[in-house]
1. How high is the FRET efficiency between R79 and R152 when r is their beta carbon distance and R₀ equals 22 Å, given to the nearest 0.05?
2. How high is the FRET efficiency from L57 to R119, r the C-beta distance, R0 25 Å, rounded to 0.05?
3. Return the long-range amide H neighbours of V204 (sequence gap of 5 or more, or a different chain), with a cut-off of under 5 Å between placed amide H atoms.
4. According to a simple spin-label model (label point 7 Å from Cα along Cα-to-Cβ), what is the distance in nm between N106 and T145?
5. Go through A130, L144, H117 and say which Cα lies farthest out towards the positive end of the charge dipole of region 95-152; charges sit on Cβ, +1 for Lys and Arg, -1 for Asp and Glu.
Amino acid sequence: MASPKDDLRRFPDGTLAAIERSHVVAAYARWAPIYDPIFGAITRGPGQAAIAEINRLPPGRVIELGVGTGLSLPQFDRRHRIVGVDLSPDMLVRAEKRVAAERLSNVEALLEMDAAHLRFADASFDAALAMFVITVVPDPDRVLTEMIRVVRPGGRLVLVNHFSVDRGLRAFLERWLSRFSAKLGWRPNFPIERVLGRPELRLVTRQPAKAFDLFTLLVFERV
């Protein structure tokens, strides 16, 4: 059994609590039956803002990392071809049912896959979308590297996520909750700097995505 000290493990730079693949799969097996009514309600607005960015692009091939139960899939412009990947088989079962029920013929594939090891060739996609994902994955730096790799030059990377703050009550709560990251299956304490400053990316948009002021929308161009 994991001890509290296990929950306090950090990456070498000391900023992130450790999350293992098994933590993510177990957490989302628990969340899957209630994900849509609870998390769907909280994340609806930010998610719609992120998908709107994708829908502004010319028709193309889009990968969504952490597609989950497929809540986003009906919202995409049908001219886009969508590939969804997720680490949780329990979430993907629900996504597959959604695709069938809503006859989403533009969904090319739903695949159980580790976002840190995408099984696609370089520049396979015109855009990549990761909503509420980067704080969940075991190795966020590797996931961002993989997103960059599979998007063609000139393509877009769209992220929407909770990022932690440096001070105040919220900062205190985020640091306290980070002790339980393994059990939660996500990191409450995650600075935005972890996804900024990559030489392969040009920041196009950074703006709040309204939902209790907890989320930020980031749009990058792959250079």
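1. Working: r = 17 Å, r/R0 = 0.79.
Efficiency, rounded to the nearest 0.05: 0.80.
2. 0.60
3. Excluding prolines and chain starts, which carry no amide H, the hits are V219, F220, E221.
4. If labels sit at T145 and N106, their model points lie 3.3 nm apart.
5. Positive-end residue among those listed: A130.
Where a number appears in this text, it was derived from the coordinates with a stated rule and is not lab data. Note that the structure is predicted; figures quoted are calculated from it, not measured. Methodologically, a virtual Cβ is constructed for each residue, glycine included, from the backbone with ideal geometry; neighbour enumeration extends over all protein chains shown.
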